[in-house]
Amino acid sequence: MIQIKKFVFNPFQVNTYILFDETKECVIIDAACSDEEEEARLSNFIDEMGLKPVLLLCTHAHIDHVLGNTFVAKHYNLKLSAHEDGKMYLADAPAYAASFGLTLNEVLQPTHFLHDNDLIQFGNSSLKVLFAPGHANGSLCFYSKADSFVVSGDVLFYQSIGRTDLPGGDYDVLKNSIWGKLFVLPDDTIVYPGHGPETTVGSEKVSNPFVAIG
C-alpha cells in the first residue's frame, strides 16, 4: 500500500509529494524545495523514515515545480523523468526564477521521457501515467488504481483548475484532459493537486465551477 507525505514548498506553495510503500522505496514528485531549510525538511523525512528514493518525477516543468530537482537528483543520484513536451519551459527557467526573487543556478534536464499510459514501478507499487495537457505542455498525472488516488499536478484542484493564460495553456484542451483522463476515474479517487488541499474526482465532477459535468 502506498503512503503519501506532502510538503508545501517555496513562495508559490507547491505541493511536493513523497510516495512510498512497505519496501521503503520511494518516489519524489515535483521537488519544489527552494532553499536549504526546505531541502533539509525533505531529506530529514526521508532519513527518519529510512526511505530509499528511486525515482524523481515531474508533473510539468513550470518554474515553481522544478526548483528542487537539481538538489534531489544530486543528493540521491537520481535522473529526472518527465514528458518531453515540457522541455520548452526549462531554457528560460533561471531568468524566470530571478524575476520572482528566487535563485536557480542549475536547471536539471529530464533524461527519461514519460508517455501516456506508461506504468511506473517502485517497490511493490505502480503508477499509471496520464498525459493531460492544457495547463502546460507536457502535463502529467500519476494514478494509482490499487490505492485509489491520482497526483494531478496543476491540472485539477479543489474547486478549480490550472491556469490557461500561460504559454502552452488552453482551456478547451485542459477541460478535455480533465474529462477524458480524470473524470473517468472512480468517484472515490482522491486527487492530490499541485497546490492546495486534496479533493475527490466525484466531488469535482459535480461541483467544480470550471469543469463540472452538468
Task: Pairs beyond 26 Å (Cα-Cα), from K74/K175; K87/K175; K52/K205; K5/K145; K24/K175 - done: K74/K175; K52/K205; K24/K175
Open item on the list: So if a site counts as exposed when it's one of the GluC sites (Glu not before Pro), its DSSP state isn't H, G, I, E or B, and it has at most 16 other Cβ atoms within 10 Å, what's the longest stretch of the chain without one?
Closed with: 107-197
TODO: Pop a pseudo-label 7 angstrom from the Cα along the beta-carbon direction at both K145 and D92 and give the gap in nm to one decimal.
DONE: 4.0
TODO: Any chance you could check the Cα centroid distance between the stretch 153-214 and the stretch 1-56 for me, in angstrom?
DONE: 23
TODO: Please tell me the relative contact order of the stretch 3-207 in percent, rounded to the nearest whole number, where contacts are Cα pairs under 8 Å and at least six residues apart.
DONE: 16
Open item on the list: I'd like to know which of N44, L156, V14 lies farthest towards the positive end of the charge dipole of the chain, counting +1 on Cβ of Lys and Arg and -1 on Cβ of Asp and Glu.
Closed with: L156
Task: DSSP beta bridges in the stretch 3-207 [antiparallel fraction, %, rounded to 5] - done: 65
Open item on the list: Here are a few candidate values for Cα extents along the principal axes in Å: [x] 52, 35, 29; [y] 47, 41, 27; [z] 68, 40, 39. Which one was actually calculated from the structure I just gave you?
Closed with: [y]
Open item on the list: Based on DSSP loop calls and a cut-off of at most 16 other Cβ atoms within 10 Å, the longest stretch of the chain free of exposed trypsin sites (Lys or Arg not before Pro) is what?
Closed with: 80-144
Open item on the list: Under a crude label model (7 Å from the Cα following the beta-carbon direction), how far is N105 from K52 in nanometres?
Closed with: 3.2
Task: Helix-only CD estimate at 222 nm, as mean residue ellipticity for the chain, using -39500 (n - 2.57) per DSSP H run (n ≥ 4) - done: -6000 deg cm²/dmol
Task: Equivalent-ellipsoid semi-axes of the stretch 39-86, from the Cα gyration tensor, Å, largest first - done: 21, 12, 8
TODO: Note down the magnitude of the dipole of the stretch 3-207 about its Cα centre, charges +1 on Lys and Arg C-beta and -1 on Asp and Glu C-beta and zero elsewhere, to the nearest 20 debye.
DONE: 300
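Coordinate-derived values only; no laboratory data. Worth saying up front: this structure is predicted, and the values here are computed from it rather than measured. Note: ideal-geometry Cβ built from the backbone for every residue, glycine included; neighbour counts use all protein chains shown.
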